[in-house]
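Visitor: Dropping a structure here in structure tokens format, bear with me for questions.
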Amino acid sequence: MLPYIVRRLLIAIPVLIGITILNFCIVNLAPGNPVDMFIDPNTPQQLVEAKKEMLGLNDPLIIQYFKWLWQLLQGGFGYSFSSFAPVTHIIGERIGPTLMLTSISLTLGLLIAIPIGILSAVKQNTRFDYIITGLSFIWTSMPQFFLGLGLIYLFALHFKILPTGGMLTIGGDDNFADRIKHLILPVSVLTIAIIGKKIRYVRASMLDVLKQDYLRTARAKGLHAFIVTNKHALRNALIPIITVFGMEIPLLLGGSIIIEQIFQWPGIGQLTMQSILSRDYPTLMGLNFIAAIIVLATNLFMDILYFVADPRVKYN
């Protein structure tokens, strides 16, 4: 297993380099100029050109890329065009709230979707199965921004029991209960989006396994239904389940952009939108690079889980 992990890490290096080249081209070939976003329109052209020269925007793209790559090799992403602060510092302040939001949502999604999906498969074609399948279709088709705005109206504006957004109450005490109140609505939206899609995957995977001959043999031997389902069937159904939940991690980062905007959550999703609107190229490049690392690390982690879930999986 260890040699396989080492090979994957070595393969990831050229992949990351290719991703940085692609991202750099996409980000820097966008129309407009970053300098125009944070200077007075009446600023003399000489000062504008001096600002571009200071930021290195007059250099050829290939030179700009290698300057950024050199900063990356030194452990940084350069300096923000809008705040002139180190990009690593800016992202470091924002990544914690996003990890909190996405990790709680993914954990709740796992804890809810897997048991309900298993139960729906075991009770196939019953009233419970029809209700769960119908709800999963509704939750999957409901846009996150619509659900988020609906929950804000219902619980924050109408009943006034939860805050409309933010991570902490302004002027209030920074305590655990206050953070939980601010987490409830954004976590609910992300969790509903996860369980809506994943219940059907878990159900379909379990149905495929429950029809296998060895499970019929286990039932014929008199094994309890709980043991047949949760020890024999679930273990063999885990491979596709691990795949779909692993694919959810990168999607959560994309979904958090919308959710963080709606609920004013101070994470990397909100930072991404601010960087796009201000054409803050170094920050965008840093965010894209971190997203690429997360995707590659998730794929490697999924491979390890495959081996743990099914010892028959071999990596040569």
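Visitor: Which value in nm describes the separation of the simple spin-label points at Phe146 and Leu22, placed 7 Å from the Cα toward the beta carbon?
Guide: So the two model labels end up 3.1 nm from each other.
Visitor: Near the amide H of Tyr79, under 5 Å away, which other amide H atoms are found, from residues 5 or more places off or on another chain, if H is placed in the peptide plane?
Guide: Placed amide hydrogens put Val87 under 5 Å from Tyr79.
Visitor: From the residues Gly109, Leu99, Thr217, which one has its Cα farthest along the dipole of the range 87-309 in the positive direction, the dipole being from +1 and -1 charges on Cβ of Lys/Arg and Asp/Glu about the Cα centre?
Guide: The one lying farthest along the dipole's positive direction is Thr217.
Visitor: Using a 1.4 angstrom probe, figure out how much accessible area the range 87-309 has per residue, in square angstrom, rounded to the nearest whole.
Guide: Accessible area per residue, the range 87-309: 51 Å².
Visitor: In addition: Using the Karplus curve 6.51 cos²θ - 1.76 cosθ + 1.60 with θ = phi - 60°, work out ³J(HN,Hα) for each residue of the range 221-226 in order, rounded to whole Hz, and write x for Gly and Pro.
Guide: 6, x, 5, 5, 4, 5
Visitor: Note down the Stokes-Einstein diffusion coefficient of the chain in µm²/s, whole number, using a Kirkwood radius over alpha carbon pairs, 37 °C, and 0.692 mPa s.
Guide: Using the Kirkwood radius from Cα pairs, D works out to 144 µm²/s.
Visitor: Quick one: which of 55-61, 191-197, 102-108 comes out on top by average Cβ neighbours within 10 Å, and what's the full order, highest first?
Guide: Per-residue Cβ counts within 10 Å, averaged per peptide and sorted highest first, yield 191-197, 102-108, 55-61.
Visitor: Measure up Lys160/Lys197; Lys67/Lys197; Lys123/Lys181; Lys197/Lys231 against 32 Å on the Cα-Cα distance and list the ones that go over.
Guide: Pairs exceeding 32 Å: Lys67/Lys197; Lys123/Lys181.
Visitor: In addition: Determine the dipole magnitude for the range 87-309: charges of +1 sit on the beta-carbon of Lys and Arg, -1 on that of Asp and Glu, nothing else is charged, the reference point is the Cα centre, and the result goes in debye to the nearest 20.
Guide: Dipole about the Cα centre, nearest 20: 1020 debye.
Visitor: Just in the range 53-113: which chymotrypsin sites (Phe, Trp or Tyr not before Pro) are loop by DSSP and have at most 15 other Cβ atoms within 10 Å?
Guide: Phe84
Visitor: I would also like to ask the following. So what is the relative contact order of the range 172-283, in percent, for Cα pairs below 8 Å that sit 6 or more residues apart?
Guide: After rounding, I find 25 percent.
Visitor: Give me the distance in nm between label points sitting 7 Å out from Cα along the Cα-to-Cβ direction at Leu99 and Ile131, one decimal.
Guide: In this crude label model, Leu99 to Ile131 measures out at 3.9 nm.
Visitor: Please work out whether the range 1-112 counts as rounded, prolate or oblate from its C-alpha gyration tensor, where a ≥ b ≥ c are the square roots of the eigenvalues and a/c under 1.5 means rounded, while otherwise a/b larger than b/c means prolate and anything else oblate?
Guide: oblate
Visitor: At 0.36 nm per residue, and after removing the present C-alpha to C-alpha distance, how many nm does the segment from Ala297 to Asp173 gain when stretched out fully?
Guide: Full extension from Ala297 to Asp173 adds 41.0 nm.
Visitor: Quick one: 3J(HN,Hα) in Hz for the range 133-139, Karplus 6.51/-1.76/1.60 with θ = phi - 60°, rounded, Gly and Pro as x.
Guide: Residue by residue, the range 133-139 yields 5, x, 5, 5, 5, 5, 5 Hz.
Visitor: A follow-up question, please. Does the range 223-316 come out rounded, prolate or oblate, given a ≥ b ≥ c as the square roots of the eigenvalues of its C-alpha gyration tensor, rounded meaning a/c under 1.5 and, failing that, prolate meaning a/b above b/c?
Guide: oblate
Visitor: Here is a further query. With labels modelled as points extended 7 Å from the Cα through the Cβ direction, what inter-label distance (nm, one decimal) is found for Tyr214 paired with Ile62?
Guide: 5.7 nm
Visitor: With the Cα gyration tensor of the range 63-204 giving a ≥ b ≥ c as the square roots of its eigenvalues, does the rule (a/c under 1.5 for rounded; else a/b larger than b/c for prolate; else oblate) give rounded, prolate or oblate?
Guide: Oblate is the answer for the range 63-204, as a/c is 1.5 or above yet b/c matches or exceeds a/b.
Visitor: Follow-up. Out of the total accessible area of the chain (probe 1.4 Å, heavy atoms of protein only), what percent is carbon and sulfur?
Guide: 69 percent
Visitor: Given Cα pairs under 8 Å that are at least 6 residues apart, what percent is the relative contact order of the chain?
Guide: Relative contact order, the chain: 27 percent.
Visitor: If the chain between Ile239 and Ala156 were fully stretched, how many nm would it gain, using 0.36 nm times the residue separation less the Cα-Cα distance?
Guide: In short, 25.9 nm is gained.
Visitor: Moving on to the next point. Work out the P(r) tail for the range 265-311: percent of alpha carbon pairs separated by more than 13 Å, whole number.
Guide: 64 percent
The values are calculated or read from the model by the stated rules, or taken from the named source; none is laboratory data. Everything numeric in this text was worked out from a predicted model, so none of it was measured. A quick note on method: Cβ atoms are made from the backbone with ideal geometry, for glycine too, and the neighbour counts reach across all protein chains shown. Areas reflect the complete protein model, heavy atoms only, side chains present, ligands, DNA and RNA absent. Shrake-Rupley method; radii C 1.70, N 1.55, O 1.52, S 1.80 Å.
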